[in-house]
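Student: Encoded as structure tokens, here's the structure I'll be asking about.
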Amino acid sequence: MANRGFSQKLNPQQLLDKIKEVIYEKPFNFISDKTQSQWAIFKHYVEQNKKWMRFSEDALTKVSYFLPGRMGDSGEIGEFVYGLGFVLQTLNDRALNEESNETLFCGPKETLSIQNVKTFVQLLQHMQLFMELLAIKRLSNRNRWKLVFIIEFIKMLCRLYLLFYFDGHMLIMQDEEEMKYNERIKQAETNTNKNHDLQKMYVEHGRGTDPNGYFSPLSKKQQQLTNNSSLMDHVYVHNTKYPNLNGRALKRTIFAEILYIIRPVVHVAFFISYGSTSWMPFVVSLLMDIYSHMMHRTSSILSMRQKTELSRRRKYWLLYLFRPPFFNKYIEVYLKSS
């Protein structure tokens, strides 16, 4: 008798949903359920003591500069306090529905799980350098790079989840003006008074932070600064041009973003396998960056905001000059000889 549990095959979408449930949703929901009451207490405290909490996060980062060994052999202590300041800032932002740190844009309406994933990635990034500095003293060189691989792998899984949620469209890093706009939208949406819909409409149509302000005609440049419509331009054009895809991005766009997301993990994996003297990690990582960039540039849909994002990503290519073995064989040798 056939096993009924395996008699029905899952289609690709059902399989992706099952993977998402097992890898992402269940662990995050479990953690959320366990920490919900503690988070409610923390959120209430932050709301009642906003100025003090903002002062504390700023004080932690500034105090870290004066700790013994901050720029010496004991830098991990200062880096821990410095990272702790940014951790507190991220948690305060989440409690107050504010945004102080740059975050990826994953659509106009983010679910609780998406917010949790983005917050988790931020917290991990803030403490990553401290963990790496601590690993230099506590672990062997190979085990230290294994720790880096684990951290990058976790970040990769989180970003792939964000990409899956955004239907494979490019994940754009928000600038300061876009963050301020989204912050005000979130505050309007979570407002408990009966006029929250009206307040949201005011924000969407360009009214400033002054509740007694007035509407005025905005120039095209000003309008772009007061809303995040440019972040969704490529999605709107895509949905109009390819209605049969039901909002899902083109395969080349998805592949380009996946290459960009997994590139750090591949680089660390090759670094562990081939060592710091091999050109393999350097070349493979650079080719992945270039290929991902070219696939986006040659896409049939490329908005001005996407071009700005690609320009931001290109700036990080300068860091290849400081990676081994290029740095050791060319720049370091030149500096020592001069």
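Student: Taking every Cα atom in region 56-134, find the radius of gyration and the maximum pairwise distance Dmax, and write them in Å.
Tutor: So, for region 56-134, Rg and Dmax equal 14.2, 45 Å respectively.
Student: Another question, then. Could you give the nm distance between label points at N143 and I272, where each point is 7 Å from its Cα heading toward the beta carbon?
Tutor: With each label point 7 Å from Cα toward Cβ, the separation is 1.4 nm.
Student: Subtract the Cα-Cα distance of F42 and F66 from 0.36 nm times their separation in residues, and report this length gain in nm to one decimal. Numbers along the way, then the final one.
Tutor: Working: separation 24, 0.36 × 24 = 8.64 nm, distance 2.86 nm.
Taking 0.36 nm per residue and subtracting the Cα distance, the gain is 5.8 nm.
Student: Just to verify a number: what accessible area does S303 come out at with the full protein assembly present, 1.4 Å probe, Å² rounded to tens?
Tutor: 20
Student: Now, a different point. In Å², and per residue, what accessible area does region 282-323 have when probed at 1.4 Å with the other protein chains present? Walk me through the intermediate numbers first.
Tutor: On the way: 2360 Å² over 42 residues.
That works out to 56 Å² for each residue.
Student: List the chymotrypsin sites (Phe, Trp or Tyr not before Pro) within region 86-176 that fall in a DSSP loop (any state other than H, G, I, E or B) and whose Cβ has at most 12 other Cβ atoms within 10 Å. Don't skip to the answer; put the middle values down first.
Tutor: Working: sites: F86, F105, F120, F130, W145, F149, F153, Y161, F164, Y165, F166; in loops: F166.
Filter output for region 86-176: empty list.
Student: For the residue pair R314 and I77, what label-to-label distance in nm results when each label sits 7 Å from Cα along the Cα-to-beta-carbon direction?
Tutor: Once both label points are built, they end up 4.5 nm from each other.
Student: Restrict the search to region 77-123; then list the trypsin sites (Lys or Arg not before Pro) that DSSP places in a loop and that have at most 13 other Cβ atoms within 10 Å of their Cβ.
Tutor: In loop regions of region 77-123 (DSSP not H, G, I, E or B), the sparsely surrounded trypsin sites (Lys or Arg not before Pro) are K109.
Student: Leaving out ligands and nucleic acids, note down the accessible area per residue over region 132-189 with a 1.4 angstrom probe, in whole Å².
Tutor: Values: 2800 Å² over 58 residues.
Accessible area per residue: 48 Å².
Student: Output the peptides 39-45, 54-60 sorted from most to least packed, where packing is the average of other Cβ atoms within 10 Å over each peptide's residues.
Tutor: On the way: 39-45: 12.9, 54-60: 15.4.
Per-residue Cβ counts within 10 Å, averaged per peptide and sorted highest first, yield 54-60, 39-45.
Student: With the crude spin-label approximation of a point 7 Å out along Cα→Cβ, what separation in nm comes out for S113 versus K336?
Tutor: Going from the S113 label point to the K336 one covers 5.2 nm.
Student: Counting only protein chains, not ligands or nucleic acids, how are T253, T308 ordered by accessible area (probe 1.4 Å), most first? Don't jump to the answer; show the numbers that get you there.
Tutor: Details: T253 20, T308 80 Å².
In descending accessible area the options line up as T308, T253.
Student: I258: net charge of surrounding residues, Cβ under 12 Å, Lys/Arg +1, Asp/Glu -1, itself excluded?
Tutor: +3
The values are calculated or read from the model by the stated rules, or taken from the named source; none is laboratory data. Treat the numbers as computed from the prediction; the structure is a model and nothing was measured. Note that we place each Cβ from the backbone using ideal geometry, even for glycine, and neighbour counts take in every protein chain shown. Surface areas here come from the heavy atoms of the whole protein model, side chains and all, with no ligands, DNA or RNA. Shrake-Rupley method; radii C 1.70, N 1.55, O 1.52, S 1.80 Å.
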